[in-house]
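Here's the structure we're looking at; comments come further down.
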Amino acid sequence: MDDTGGDSVSVWRVGGAARAAGYVIPAVVGLQALIGWAGWVSSPGAETARLAGLWSGLAVGVAFFFWWAILRVRLEVGPDGIVAVNPWGTHRLGLTEVASVRLGAWGAEFHHGDGFKTTAYALSELAAGTSQDRRFAELLAALEALPRRGDA
């Protein structure tokens, strides 16, 4: 237990340049939309409203994409199991379901006893060109620190 009274859960999110881009690019496109609307306020017209509306739609689309693909992606490891939130879905694994863990191209790969695997994208830097070894070592240490249910 930690000092807040609950069980300790380790959480990883996409890091590096990809995470920074997830905040900066939508902010820049949103700023362009605000500039477009300020232009419309100073000079109302159909063309300025159309451009501001296009930038606003683009800003919403870009923000949603980066949230979906980068900012919401996470990996949680705790006594209740492993939760990998990827762009295409959430995977919940019990600690006893995991036969082995290795580092893959897109993050940690949790190999199941039945031959399937679950990849946790949150451990990756999403092709940022940086090594994932340190984050993978943190994951292995967190897994080792957890008590396995079913162990005698």
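The values are calculated or read from the model by the stated rules, or taken from the named source; none is laboratory data. The structure displayed is predicted, hence computed values, not measured ones. Neighbour counts run over all protein chains shown; Cβ positions are idealised from the backbone, glycine included. For accessibility, only protein heavy atoms count, side chains too; no ligands or nucleic acids. Shrake-Rupley method; radii C 1.70, N 1.55, O 1.52, S 1.80 Å.
Some observations on this one:
- Each residue of the range 89-96 was assigned a 3J(HN,Hα) from its phi angle through the Karplus expression (A = 6.51, B = -1.76, C = 1.60, θ = phi - 60°), giving x, 10, 10, 10, 10, x, 4, 6 Hz with x at Gly and Pro.
- By average C-beta atoms within 10 angstrom, highest first, the peptides 25-31, 116-122, 9-15: 116-122, 9-15, 25-31
- Rounded to the nearest 10 Å², the accessible area of residue 42 at probe 1.4 Å: 100
- Per-residue [θ]222 nm for the chain (sum of -39500 (n - 2.57) over DSSP H runs n ≥ 4, rounded to 500): -14000 deg cm²/dmol
- The phi torsions of the range 65-76, fed into the Karplus equation with coefficients 6.51, -1.76 and 1.60 and a -60° offset, translate into couplings of 4, 5, 5, 5, 8, 10, 6, 8, 5, 7, 10, 10 Hz, rounded to whole numbers, with Gly and Pro shown as x.
- Take every pair of alpha-carbon atoms less than 8 Å apart whose residues are at least six positions apart; their mean separation over the length of the chain yields a relative contact order of 23 percent.
- The chain, accessible surface, carbon-and-sulfur percent (1.4 angstrom probe): 62
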